[in-house]
Structures are given as structure tokens and as C-alpha cells.
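Below is one structure, written out as C-alpha cells; the observations come after it.
The values are calculated or read from the model by the stated rules, or taken from the named source; none is laboratory data. Note that this is a predicted model, so its numbers are computed, not measured. Glycine gets a Cβ as well: all are built from the backbone with ideal geometry, and neighbour counts include every protein chain shown. SASA here: full protein model, heavy atoms, side chains in, ligands and nucleic acids out. Shrake-Rupley method; radii C 1.70, N 1.55, O 1.52, S 1.80 Å.
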Amino acid sequence: MTRTWWKKGVVYQIYPRSFMDSNGDGVGDLAGIAGKADYIASLGVDIVWLNPVYRSPNKDNGYDISDYEGIMEEFGTMADLDRLVAALHERGIRVIMDLVVNHSSDQHPWFLESRSSKASPKRDWYIWKPARAGGPPNNWKACFTGSAWELDPGSGEYYLHLFDPSQPDFNWENPELRKAVYAMMRRWFERGIDGFRMDVATLFSKDPSYRDLTPAEGMFSSTAPYVYGPRLHEFIREMRREALDGFDAMTVGEAPGSTVENALELVGEGRGELDMLFQFELMGIDHVNGDKWRQRPIEVPEMKSIVERWQLGLAGRAWNSNYLMNHDQPRSVSRFGDAALYRNESAKALLLLNLSLGGTPYIYQGEELGMANVAFDSISDYRDVDTLNYHKEALAAGVPEAEAMRSIHYMSRDNARTPMQWSAGRNAGFTEGLPWIGVNPDCAKVNAEAEEADGASVLHFTRAMTAFRRKHPSLVYGSFELLAREDTRLFAFLRVGEGESLLVEINMSSETIRSEAPSRAATTLISSLGPALPVGTPAPGTLAPWEARVSALS
Ligand code: GLC
Ligand code: CA
């Protein structure tokens, strides 16, 4: 397989609204991020992914874009963006932006024009259908609640929105629309950015039958008529030719509905499509029947088998993207670790896991501090449209308030969106003003300043781990072999290649366990508990709660 900067790189994801506020209006901004460029570089990351910073009415925090080439006023100006990109480039860090082109905002001039009349030249840039039996054209549901179709009283037709009604889906069948998207992408590359994370990239092509979902099909089933639709590969290849070739760009598609099989068709090397994708199998591990608001405990063997399936399934044929959280998911330490009793230990163990797998690792802001879920008492403290809709729907369906809140505390996207915790000071050092969303009260203990001063912190371990990965190319390019498959607490695997054999052992439990994994003599190279044992010392046969280590096999 080819070797590229985005294969060996580590990505740091920044949610600009919640990273750092430079002007006291309570909203994070581009100048705030630029002011933290040294901090970002200190993490040892190679690539920064910025969540959307474009003009937006903010119904879905920037995923509803009204101008793809303008900057959200609250975040600053194009000059601020240029300065931020320059500051990161100076530090050897590439910058990828979010590309949200499955849909736009309903306030985008293209949609306003499309809606204005059936005869508008832009009518066909979005998906308009007549009513069926006096109701919506089919039974598709929107991700955030209700029907995926919204009636436009003006024309009597419905438009499709797979997300919020303020996010109408583009009609990718229209060549003019596609041309406009590609031209916009090229202008961003000419401005100097290094790639795109593509929002819901598997949803661009809709099956022209517009058939109903079957009762067995969930919204993002691989067979749903808008998931990996009939022209998806054709569109992505065209995008590659028209907008990507000629730029040394990285692309990672957010890819609901992916299985190893269909993923290989989208990111297989030599397919001429995308470089990487985000699959959702691990993120669905605690959902009941695909419903994220109904949760079940995580089983470690199931987690291992998902990881193994992707590690082996793409090996030698395509490149993985590994993440344990992002801006749509709960905090990884609260979900996969033990935030109550072993926060630091389990946060480090999870970082070690993520940075030891084959594929490009993504670290989400605050993950390097072990930031945990928040539990606001009142729904009025939540901001996320998805959470607010769920709460309303659940209560209307008779779910007791306490139960709905419990589910929100676990799963709400706002868990990832509370302000970055810089210090124990006012508003965690995020803003001088009133933050747009409350700060997690645990910032008194969990914050960058305190962790800077503590050599045993999650922050220092993150730096040690990125440096370790850089020194051990087998973690990037080596093979993967799962060990101790049935063990319900130990997550162990081998990474072999590039002239070394590494054994990774992670105790995914709050108990001391035995590890039978090292059948051959192993010497510890890095341990989440602190400095590695002196070279030559055999790795002990036990692991403390949430202890994680990488050892060399001779
Ligand atoms: C993706 C984004 C999410 C957004 C949705 C609609 O899933 O990650 O934040 O709400 O797409 O654009
Ligand atoms: Ca601000």
C-alpha cells in the first residue's frame, strides 16, 4: 500500500464553538483557536479537523450552511481563518475542513431561489416531490425527528430533508449543482487547506424509486434507498476528478450505513474515490435496535470483534479511521471507560488503544484531558437540536422525565460540546463572558492547566503516546492480530511489521487482571501507569485496573 502523510498522521478534531473564545461573547472563535496553536502543536498531532466554520443560521451548529465561502460571523472573518491556517501550517500541522454538501441551510440563496417557484432554474438543485395520498411522498424519517419531508405551502410540493427541516437535501442528480460544489471545493484548496471531512458522504445519491423503507430497515441501514445509492460511486469519482486531483488533499467521509464490504468500494485503494471513512459500528455498540436513546451496556468481546473486523477487513486494501468519540458522540471516557472511579487511568487506556490501531487516529478536543460527560439537571441547559427533539418526543410518548434525562446524560451530543476546560478559573478559562452552553462543573479538577503541572496526567500521556506512535511505524503500517478473543476484560493484540513485533495489552476493567497474552518474553516500552519499566525487564503477568501498555516481543 502507498505511504502518505495522512496515513501516518494523528488528527485532532476541533469544535470551534466550544474551543476558545477570544472576545468574551461566550462563543468560541477562530482567533481563540489560533491563540492555542502552541498547545495544539504540543500534543504531537499532525492534522487539525475543524468542524464547520461557514456562515450558518446555526439550527444545527454550522451543519446548516448558508454560504460555503463566508465565515460564520460569530467565529470571525476570512482573514482570521487564513491566520489560523497559517499558524498551524507554520507548526507543521495540516488543516482539513468540514464539507457539508448532502444538504445546505434553507437560508442558502440556492434554496431560497429553488423554493421561490416551480419554474426557478434552481428548482432542481433540491429534491421536490408531490404529495402521496395527501401526505408526504414516502415514509422516510428525518434523523432528528419526524418525517423527512416538509411541505412547502407555496407550491404544494414537499422537499426532502434527511436531517432538520432547515437542512434541505441537495439533488445530486443535477449536474449544475455538482459543478458548483466542485468549484467551491477547488477554491478552498487554492486558499491553502489540506483536505475535507465530508459530512454524511454516503447519502448523496438517492434511489430514484423513492421507495418506502421496509419495516426492517433502520434510517441508516446499508440497504436504505439513500445509503450508498446507485450513483454514489459515480459522483464521488467525478468529485475526485473535478475537485481533488491535482491537490495533495486528504478526504475522510462520514459514512453511515457502512459495512466492511461496501466500505471497500468507497475507500478501496485504487478505486479513485475517498481516502478514508468513519464507520459507525463501534458507535452503535450500546444502542438498542439502532435507537441511540435506548442504551445497553458495552460488552468488551463485542468491541474487540468490531475492531478486529475492520482492522482485518481493510488490511492491505483500504485505510481505517479510528475514533472513540467526536462532536456527535458521548465522551469516550464516560462511555468506554470508568469516569467515576478510574477517570485518568481509563482515559489513558483508551488513548493508548486508539493510537495503537492500524489506520489514522482521531482525537477529539478534551479527550487528551480525559474530559467526561456532563449531566445538566434541566433540559433548558441543553442546546443540541437532536437532544431537544428527543426530549420533546419522549415526553409526548409517555417516557418519564427522569428516564429521558438519564438517557440524555449518557448520549446527548452536548456531552462533547461543553466548553474546552483550560483552567479551574471562571468558565474553565474558555470565555470571559457567558458561555453559549454551560461548563462541566468538573473543570475544577479536570483542566489543561492542572494537567500541564502533573506529570502523570492524561495530557502528558497523550503527548507520550503520539511521540511513541511516531517512533514505532509498526503501529502505523504493521499487521493486526487479536489475542485473547473471549476475555471479557483484556483487549490485547499484536502489531507486527517494519522490523518489530509489538504486543498491546489493555485492561478494559476496574479490576486487576491476569494477562496470558505474552507467551513470549516481552519488555514494556510504554505504560499508561507511568514510565516504562527499564528495558529488559519482563512485562508482569498482571494488569492493574485500566492499565494499558505496549511491549516489544523479541
Ligand atoms: C453529521 C454531523 C452532525 C450533523 C449531521 C447533519 O452527522 O456530524 O453533527 O448534525 O451530519 O449535517
Ligand atoms: Ca467569541
## Note on the structure
Restricted to region 13-32 and to residues being part of a helix (DSSP H, G or I) and open to solvent by 10 Å² or more (accessible area, probe 1.4 Å), the residue nearest to ligand 1 (Cβ to nearest atom) is Arg17
### Any hit, region 209-216, residues being more than 16 Å from ligand 2 (Cβ to nearest atom), of a type outside the set (Lys, Arg), outside the structural domain of Tyr364 (by TED's automatic domain parsing) and over 27 Å from the mean Cα position of the chain (by Cα)
no
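Output the number of residues of region 484-531 satisfying the condition of being of a type in the set (D, E, K, R) and free of Cβ contacts under 8 Å to residues at least 40 places away in the same chain. Outline the logic, then answer.
As a first pass, look at region 484-531 and keep what is of a type in the set (D, E, K, R): 485-487, 489, 495, 498, 500, 505, 511, 514, 516, 520.
So of that shortlist, the ones also free of Cβ contacts under 8 Å to residues at least 40 places away in the same chain come out as 498, 511, 514, 516, 520.
Number of matching residues: 5.
Being over 30 Å from Gly359 (Cα atoms), part of a helix (DSSP H, G or I) and modelled with pLDDT of 95 or more: is that true of Glu432 here?
Values: over 30 Å from Gly359 (Cα atoms): yes; part of a helix (DSSP H, G or I): no; modelled with pLDDT of 95 or more: yes.
Here the answer is no, as Glu432 does not meet what is asked.
Matching residues to (1) assigned by TED's automatic domain parsing to the domain that holds Gly35; (2) over 21 Å from the mean Cα position of the chain (by Cα); (3) of a type in the set (Phe, Trp, Tyr):
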site: His391; (1), (2), (3): no, yes, no
site: Ile408; (1), (2), (3): no, no, no
site: Gly429; (1), (2), (3): yes, yes, no
site: Glu432; (1), (2), (3): yes, yes, no
site: Asn447; (1), (2), (3): yes, yes, no
site: Met465; (1), (2), (3): no, no, no
site: His472; (1), (2), (3): no, yes, no
### Query
Filter region 470-504 for residues that are farther than 17 Å from Trp319 by Cα and acidic (Asp, Glu); which is surrounded by the fewest Cβ atoms within 10 Å (Cβ to Cβ)?
Glu486
### Task
Would you mind telling me which numbered condition in (1) open to solvent by 50 Å² or more (accessible area, probe 1.4 Å); (2) modelled with pLDDT of 95 or more Asp275 fails?
(1)
#### Entry: Cβ pairs under 8 Å, 6+ apart, first in region 417-434 and among the aromatic types (Phe, Trp, Tyr), second open to solvent by 10 Å² or more (accessible area, probe 1.4 Å) and away from ligand 2 (no atom under 16 Å from the Cβ)
Trp422/Glu449
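One line per residue, one yes/no per condition, for (1) out of contact with any Cys (no Cβ under 8 Å at 6 or more places or on another chain); (2) within 16 Å of ligand 2 (Cβ to nearest atom); (3) closer than 17 Å to Glu176 by Cα:
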position	(1), (2), (3)
Glu73	yes, yes, no
Thr77	yes, yes, no
Ile93	yes, no, no
Ile96	yes, no, no
Pro121	yes, no, yes
#### Entry: Index of the failed condition, Asn320 passing every other in (1) within 27 Å of Trp5 (Cα to Cα); (2) open to solvent by less than 50 Å² (accessible area, probe 1.4 Å); (3) over 21 Å from the mean Cα position of the chain (by Cα)
(3)
### Those residues of region 56-70 which are within 16 Å of ligand 2 (Cβ to nearest atom) and open to solvent by less than 10 Å² (accessible area, probe 1.4 Å), in sequence order
Gly62
### Tally, over region 72-102, of residues that are closer than 27 Å to Trp172 by Cβ and either within 16 Å of ligand 1 (Cβ to nearest atom) or touching a Ser or Thr at 6+ places or on another chain (Cβ under 9 Å) (or both)
8
### Task
Give the residues of region 337-356 that are part of a loop (DSSP other than H, G, I, E, B) and open to solvent by 10 Å² or more (accessible area, probe 1.4 Å), sorted by residue number.
Gly337, Asp338, Ala339, Ala340, Leu341, Tyr342
